[in-house]
Structures are given as structure tokens and as C-alpha cells.
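The values are calculated or read from the model by the stated rules, or taken from the named source; none is laboratory data. Please read all numbers here as calculations on a predicted model, not as lab measurements. Cβ atoms come from the backbone with ideal geometry, glycine included; neighbour counts cover every protein chain shown. To get the accessible areas, we keep the full protein, side chains included, count just its heavy atoms, and leave off ligands, DNA and RNA. Shrake-Rupley method; radii C 1.70, N 1.55, O 1.52, S 1.80 Å.
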Amino acid sequence: MASVLVTGGTRGIGAGIVDTLVAHGFNVGFCGRSLRPETEARAQALSGTYGVKVRAYACDISDAASREALLDAFTADFGSLEVLVNNAGIAPKVRCDLLDMSEESFEELLRTNLQGPFFLTQSAARRMIADAKTTEFRCIINIGSVSADYVSVNRGEYCLSKAGVAMATKLWAVRLADAQIPVYELRPGVIRSDMTAGVAEKYDKMIADGLTLQKRWGTPADVGRAVAALATGSLAYSTGEVINIDGGLTVLRF
Ligand code: NDP
């Protein structure tokens, strides 16, 4: 069975992706910034439950050496990489108006949400191209955001980073087409996780008031199921595509 690397699989959407992939029989490696004892225990428990290989790694995706070490460790453990899921990401530490945004926050967001996944993809793609042995379906999946298109002036650096992920998806789709590696962007809307916990009340009200056509929060499992569909090759004759996982949030209405 194919091997999948999921960045940021320790919590939230990434954890939902890992859970769904192992249930589909994939071997899965995932990372967080640091490894907590409960993360290792979870990896072992998933492995035992589903009879697949599961490994947890510590990696800061904003750091080039850490990214290379992650890919080296994954390759040593799994042999080959079939699917890369660029999920890890951060929100600004403080939501503040564009007029007050700091360069420090801008750089942190861009380095983590855009530069990290971009260069992880570059290194992973080089390795995938060099590994001509595998007969499994291969692809790269970027977790973007509706914020690639929707403006939030109190977290502009996040919107910019996700707009960059959208273009990175298209760039890699073109570059990797000849290597038979489709590249997709999954674009979640409002998903319940630590990232949205601090603004849960605000979104509760917005959802009740009709922000989404489907009047509920999205869940990590909603995104996980979409990743599993892509990883199994259900959309093999598509690349460079955006798939919204947003309960209809982005359907234009008036
Ligand atoms: P969480 O904050 O709940 O989880 C973030 C995950 O990313 C954690 O596993 C965290 O690891 C990891 N991570 C953060 N920074 C780094 C780093 N530098 N290196 C490695 N791992 C890192 O966020 P979500 O699950 O909500 O978000 C996941 C993705 O989905 C993000 O890209 C986010 O932008 C996107 N998204 C989220 C939406 C939402 O509504 N929640 C909506 C649209 C998109 P650790 O545990 O070690 O901190």
C-alpha cells in the first residue's frame, strides 16, 4: 500500500487526515513541531488497530534542515513516498488590522504556510521523480484555505500565505505533470480545531446566520475523507484543481 507523509498530523485537521488515511489502509508518517509522548502512543495505537505502519516525527517545516531530516527519516522508514499532504500551518499569534501588522508576523506566516510547504514539495518531488520503481498512484495535496480568496483585514498575512499556496499548487501541477504526479489544493472553510477555538463563538453565530449553506462546522474528518479520495486516485484525471471543503461557504449568492 502507498505511503503518505502528512505535515502537522499531531492535532486538528492533520490528525483527522491521518486517522482517515490509516483507516483506508495507507501507511502514514506525520509530523508536528515537537513530539509529545501521547503522539508516539497514538502512532502505535493506530498502527496496532489498522495493521499499517505509522510513524511520528518532529519537524519544523519552516526550517530547511528540519524538512530534509524529515524526508530522510520518512524514506528510511517507508522506502518510498507516494503522497505528500502539506497540511501544517499557523494563524497569526494576534489578529490585528492591516495598518498594525508587524513584519515579524508577516515573515513567520509566509515562512511557515508558504515557503515551508513549497520547498518541502520541491525536495519531495525530486525524490519522487528519482524513484521510478513505484507502481502506486502518486500525488501532492496542499491544504489551502478559503482565505486564499476571501479577505480578512485582521489577518492579512494568513490570506497572503494561502493565496501563495494556491499559486504554488498550479505551479507544481504544471511542473510535475510529466512525472504523472497530480497536485491538488483542498480549500477548507471553517473547521473545528485548535486554530479556530479562540473564535468559536464568532463562527457559531456566523454559521447560524447563514455563512455556510450546510449549517454546521466542518470537521477534521471532512477534510480527511477528501484527502483519502485524492490519495486513492479517485480524481486521477485532474490536476491543479481546487476542491472546496466548506459546506457551501463560497457559493456566490445575493
Ligand atoms: P491546528 O492549529 O489545530 O494544528 C496545526 C498543526 O500544524 C499541528 O499539528 C502543528 O503541530 C502543525 N504545525 C504548525 N506549525 C508547524 C511547523 N512550523 N512545523 C511543523 N508542524 C507545524 O490547525 P488546523 O488543524 O486548524 O489547520 C491545519 C491546516 O488547515 C493549516 O494549514 C490551516 O491553515 C488550514 N486551514 C484551517 C482551517 C480551520 O478552520 N481550522 C480553515 C482553512 C484552512 P504542533 O502540534 O507540533 O504544534
What helix-only [θ] at 222 nm does the chain give? Using -39500 (n - 2.57) per DSSP H run of at least 4, over all residues, to the nearest 500, the answer is -13500 deg cm²/dmol
With +1 at each Lys and Arg Cβ and -1 at each Asp and Glu Cβ, the charge dipole magnitude of the chain around its Cα centre, to the nearest 20 debye, comes out at 500 debye
Total charge of the residues flanking ILE141 in space, meaning their Cβ is under 12 Å from its Cβ, with Lys and Arg +1 and Asp and Glu -1, is -1
Cα-Cα longer than 28 Å, checked against LYS162/LYS202; LYS53/LYS133; LYS93/LYS202; LYS53/LYS93; LYS162/LYS215, kept in input order, equals LYS53/LYS93
Restricting to Cα pairs under 8 Å and 6 or more apart, the percent relative contact order of the chain works out to 21 percent
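Treating only the Cβ atoms of Lys and Arg (+1) and Asp and Glu (-1) as charged, compute the dipole magnitude of the stretch 81-169 about its Cα centre; round to the nearest 20 debye. Let's see the in-between values first.
Values: 9 positive and 11 negative charges, 77 e Å.
Dipole of the stretch 81-169, to the nearest 20 debye: 360 debye.
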Here, the chain modelled as identical Cα point scatterers in vacuum has Debye log10 I(q)/I(0) at q = 0.10, 0.12, 0.14, 0.16 Å⁻¹ of -0.46, -0.67, -0.92, -1.21
Over the stretch 12-125, with neighbouring protein chains present, the accessible area per residue in Å² at probe 1.4 Å is 45 Å²
Per residue, the convex hull enclosing the alpha carbons of the stretch 36-84 has a volume in Å³ of 85 Å³
Tilt, helix 220-231 to longest principal axis of the chain (alpha-carbon atoms), in degrees rounded to tens, equals 40 degrees
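Counting Lys and Arg as +1 and Asp and Glu as -1, what is the net charge of the other residues whose Cβ lies under 14 Å from the Cβ of SER193?
-1
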About its Cα centre, the stretch 34-108 carries a charge dipole, from +1 on Lys and Arg Cβ atoms and -1 on Asp and Glu Cβ atoms, whose size in debye to the nearest 20 is 560 debye
On the accessible surface of the stretch 114-254, probed at 1.4 Å with all protein chains in place, carbon and sulfur together account for a percent value of 58 percent
Correct response: the longest run of the chain lacking exposed GluC sites (Glu not before Pro), defined by DSSP loop and at most 16 other Cβ within 10 Å, is 1-135
Within the stretch 12-49, the residues whose backbone N lies under 11 Å from a label point placed 7 Å from the Cα of MET1 along the Cα-to-Cβ direction are 20-28, 47-49
Computed over the Cα atoms of the stretch 112-254, the Rg and Dmax in Å are 16.4, 52
Correct response: the longest run of the chain lacking exposed trypsin sites (Lys or Arg not before Pro), defined by DSSP loop and at most 13 other Cβ within 10 Å, is 1-92
Computed on Cα atoms, Rg of the stretch 1-125 relative to 2.2 N^0.38 Å comes out at 1.11
Total charge of the residues flanking MET167 in space, meaning their Cβ is under 15 Å from its Cβ, with Lys and Arg +1 and Asp and Glu -1, is +1
